[in-house]
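Trainee: After the structure tokens below, expect a handful of questions from me.
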Amino acid sequence: MILYNVTTSLDPEIAEQWLNYMRETHMPDVMTTGFFLKSQLCRMLDEAEGGITYASQYYCVSLEQLQEYQRVAAPALVAEMDKHFGGRYASFRTTLEVVG
């Protein structure tokens, strides 16, 4: 099992709007691609003062499946996110293997 984690730090002024967008639009759109089995959204509790950081997490069965998602579906989804929030957030992605 592969966990694809996208950690996003937000401009506090857009935090509520971004969270609603993630819950109502972006994460459902990612799941609709069919590449992932489940997803979850977590808020970091130990963030720097004044910062707002979330981790959106998606589970898939193989690294190849994740790579296909990144090739086929991710560019359009990232472009749509940038259309709404470009310049007001920063994200980095990590890929983890679930071992237990």
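Trainee: Accessible area per residue, 1.4 Å probe, Å², for region 2-97: what's the number?
Mentor: Values: 5640 Å² over 96 residues.
With all protein chains present, region 2-97 gives 59 Å² per residue.
Trainee: For the chain, find the longest principal axis of its Cα atoms and tell me its angle to the long axis of helix 63-72, 0 to 90°, nearest 10.
Mentor: 60
Trainee: A further question follows. What translational D, rounded to a whole number of µm²/s, comes out for region 1-50 from Stokes-Einstein when the hydrodynamic radius is the Kirkwood one over Cα pairs, at 25 °C and 0.890 mPa s? Can you show the working numbers first?
Mentor: On the way: Rh = 12.5 Å.
It diffuses with D of about 196 µm²/s by this estimate.
Trainee: Considering only protein heavy atoms and a 1.4 Å probe, what is the carbon-and-sulfur percentage of the accessible area of the chain? Walk me through the intermediate numbers first.
Mentor: On the way: 3120 of 6030 Å².
The computed percentage sits at 52.
Trainee: Right, here's the next one. Using alpha carbons only, how many degrees (0 to 90, rounded to 10) separate the axis of helix 74-85 from the longest principal axis of the chain?
Mentor: Here the helix axis deviates by roughly 10 degrees.
Trainee: While we're here: Which value in Å does the Kirkwood hydrodynamic radius of the chain take, with 1/r averaged over all unlike C-alpha pairs and then inverted? Write out the running numbers ahead of the final one.
Mentor: Values: mean 1/r = 0.0712 Å⁻¹.
After inverting the pairwise mean of 1/r, the radius is 14.1 Å.
The values are calculated or read from the model by the stated rules, or taken from the named source; none is laboratory data. All of these numbers come straight from a predicted model, not from anything done at the bench. Accessible surface is based on the protein model in full, side chains and every heavy atom, while ligands, DNA and RNA are left aside. Shrake-Rupley method; radii C 1.70, N 1.55, O 1.52, S 1.80 Å.
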